[in-house]
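Just below is one structure, and these are the notes that go with it.
The values are calculated or read from the model by the stated rules, or taken from the named source; none is laboratory data. Worth saying up front: this structure is predicted, and the values here are computed from it rather than measured. Every residue, glycine among them, receives a Cβ derived from its backbone with ideal geometry; neighbour counts consider all protein chains shown.
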Amino acid sequence: MLVIINYNLGNLKSIQNMIRKIGFESKITNNIEEIRGATKLILPGVGAFDNGMHNLKELGLISVLEKEILENKKPILGICLGMQLLTKKSEEGTLSGLGFIDAETKLFKLENTYKIPHMGWNTAKPIKKSKLFSEMENQENRFYFVHSYYVDCSNTDDILTVTKYGTEFVSMFEHENIIGAQFHPEKSHKFGMQLLKNFLENY
Amino acid sequence: MTAKRIIPCLDIANGTVVKGNQYRALTPIGDPLKLVRRYEQDGADEIILLDILATPDAQTPMTDLIRLLTPSTFIPICVGGGIRSLDDVHALMDAGTDKVAICSAALENPALITTIAKQYGSQCVVVSIDAKQDTTRKTWLCFSHGGRTNTGIDVLTWAQEAEARGAGEILLNSIDADGTGKGYDIKLLKAVSTRVHIPVIASSGAGTLAHIRDAFSVGHADAVLIAGMLHRRETTIQAIKQFLLEEGVTVRC
């Protein structure tokens with residue numbers, strides 16, 4: 001069973017709704033036993049970095065996530081803030097991130113003509129092969145973004161897609177079983193649905 | 001490059017989609033669930049639902065309708081009408097809303113913008129402005145309660161204050177242009193979008209494809225709201241996007 005981790009931030013039902021539409025079951029939970037029993041995980045989230053880390057800690061989820069992801073190598077997809085929490089730290093907060101990926105989260109520093117948050121439908125261009133983009137290679141994939149901070153990967157090998165907004169930033173990373181998406185697949189209609197389907201079926 | 005957004009707007013009165021004309025004379029259009037489905041299939045980038053009677057009639061937001069809608073809608077949903085408190089926002093977010101649009105309540109209690117932004121982030125707060133040109137025709141004033149009450153507040157000042165207080169977007173309606181089909185109030189649109197650094201959604205008055213293009217190319221809008229043209233099936237979102245592509249505007253296909 002796929003588990004959507006509920007740490008009291010963000011709209012979790014919309015992810016579950018899309019997964020159901022694709023034809024899979026999922027569970028929204030913060031129960032440690034259920035997370036241990038999960039086949040794969042989604043770490044969603046909308047909100048502030050420190051709130052996210054604080055809630056994960058309060059719920060006692062950090063050590064179970066370390067074990068399931070780093071040792072048991074369960075596939076995890078971090079979405080938006082969830083992606084950022086997988087990094088080591090963020091300019092948005094003072095708490096340490098989960099640090100599952102060698103990356104840091106930074107604030108956009110763009111010319112005045114670029115509005116922040118970066119909001120709307122933008123392209124994500126894959127720069128390496130991935131099962132996440134099966135049947136999506138020959139088209140322009142646009143996803144729904146809404147964020148003010150972005151992930152900066154230390155290892156370019158980890159970068160899966162890049163997106164242009166004033167600068168070029170990492171819109172997805174993939175390092176072994178650890179995947180992050182800055183955009184919201186669950187709000188990205190047919191493109192998001194195909195991507196989530198690939199995560200559900202190919203991992 | 002972020003795509004310019006095409007956002008169908010559903011004005012809701014007593015659970016039915018209606019179309020107004022300068023905020024009067026409501027014509028019934030149809031079932032909200034069916035219309036959302038149609039527009040999502042047609043390529044809508046987002047959907048806005050506004051309960052136009054909730055504030056004037058002192059009703060609560062249309063949480064039940066949203067709850068029916070969200071399980072099968074996979075684009076962002078913005079909801080407005082009757083939102084007065086953080087509790088109202090909680091209820092809508094719990095029902096699966098992505099953004100809330102506030103108008104009258106923000107004018108009466110500007111701190112509400114900050115309260116919602118702190119809890120859910122700025123991207124969640126759309127400040128909706130009902131603008132009407134003042135009698136001297138030099139500036140525009142904010143109206144509240146579904147366009148019924150003149151607050152006397154200057155639109156440009158208010159847009160800047162809304163941004164400073166944490167609004168993530170401005171939804172800019174023109175009472176003068178609404179339902180006329182003669183085009184967006186481009187002067188108003190340009191004045192607001194060049195003064196704020198958050199996205200501005202152009203609303204009211206679209207009648208032709210050229211009007212939509214002008215909102216982007218002349219008015220500097222980030223998104224356009226379209227109601228009547230789509231409700232009356234004068235065009236489709238696909239046709240609008242095809243036209244915009246040919247005119248050099250980036251859209252999602």
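Data table
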| item | result |
| --- | --- |
| Whichever residue in the range B:230-253 is in a helix (DSSP H, G or I) and without any contact (Cβ under 8 Å) to a residue 24 or more places away in the chain and, among such residues, is surrounded by the most Cβ atoms within 10 Å (Cβ to Cβ) | B:Q242 |
| Any hit, the range A:85-106, residues being out of contact with any Asp or Glu (no Cβ under 9 Å at 6 or more places or on another chain), modelled with pLDDT of 95 or more and within 13 Å of chain B (Cβ to nearest Cβ) | no |
| One residue from B:T60, B:T70 being within 14 Å of chain A (Cβ to nearest Cβ) and either farther than 25 Å from A:Y149 by Cβ or among the hydrophobic types (A, V, I, L, M, F, W, C) (or both) | B:T70 |
| Unique residue being touching a residue at least 24 places away in the same chain (Cβ under 8 Å) and under 24 Å from B:A105 (Cβ atoms) when the list is B:A221, B:A159 | B:A159 |
| Hits in the range B:39-48 (condition: crowded, with 18+ Cβ neighbours inside 10 Å and either in contact (Cβ under 8 Å) with a residue 40 or more places away in the chain or out of contact with any strand residue (DSSP E or B) (no Cβ under 9 Å at 6 or more places or on another chain) (or both)) | B:Y39, B:G43, B:A44, B:D45, B:E46, B:I47, B:I48 |
| Qualifying residues in the range B:113-132 (those that are of a type in the set (G, A, S) and not in a helix (DSSP H, G or I)) - the one farthest from the other protein chains (Cβ to nearest Cβ) | B:A131 |
| Residues of the range A:132-161 classified as more than 9 Å from chain B (Cβ to nearest Cβ), touching a residue at least 24 places away in the same chain (Cβ under 8 Å) and among the polar types (S, T, N, Q), total | 5 |
| The lone exception for A:G82 - which of (1) in contact (Cβ under 8 Å) with a residue 12 or more places away in the chain; (2) of a type outside the set (A, V, I, L, M); (3) surrounded by fewer than 24 Cβ atoms within 10 Å (Cβ to Cβ) it fails | (3) |
| Restricting the range B:86-99 to residues that are buried (at least 24 other Cβ atoms within 10 Å of the Cβ) and not in a helix (DSSP H, G or I), the residue that is nearest to the chain's Cα centre (by Cα) | B:K99 |
| Scope the range A:92-134; condition surrounded by 15 or more Cβ atoms within 10 Å (Cβ to Cβ), small (G, A, S) and on the phi < 0 side of the Ramachandran plot; matching residues | A:G93, A:G97, A:A103, A:A124, A:S130 |
| Failed condition for A:K129, given (1) touching a residue at least 24 places away in the same chain (Cβ under 8 Å); (2) away from every other protein chain (no Cβ under 14 Å); (3) out of contact with any strand residue (DSSP E or B) (no Cβ under 8 Å at 6 or more places or on another chain) | (1) |
| In the range A:113-126, residue nearest to the chain's Cα centre (by Cα) [restricted to those that are within 14 Å of chain B (Cβ to nearest Cβ) and modelled with pLDDT of 95 or more] | A:A124 |
| Selection status of A:N8, farther than 20 Å from A:F191 by Cα, modelled with pLDDT under 95, part of a helix (DSSP H, G or I) and of a type in the set (S, T, N, Q) | no |
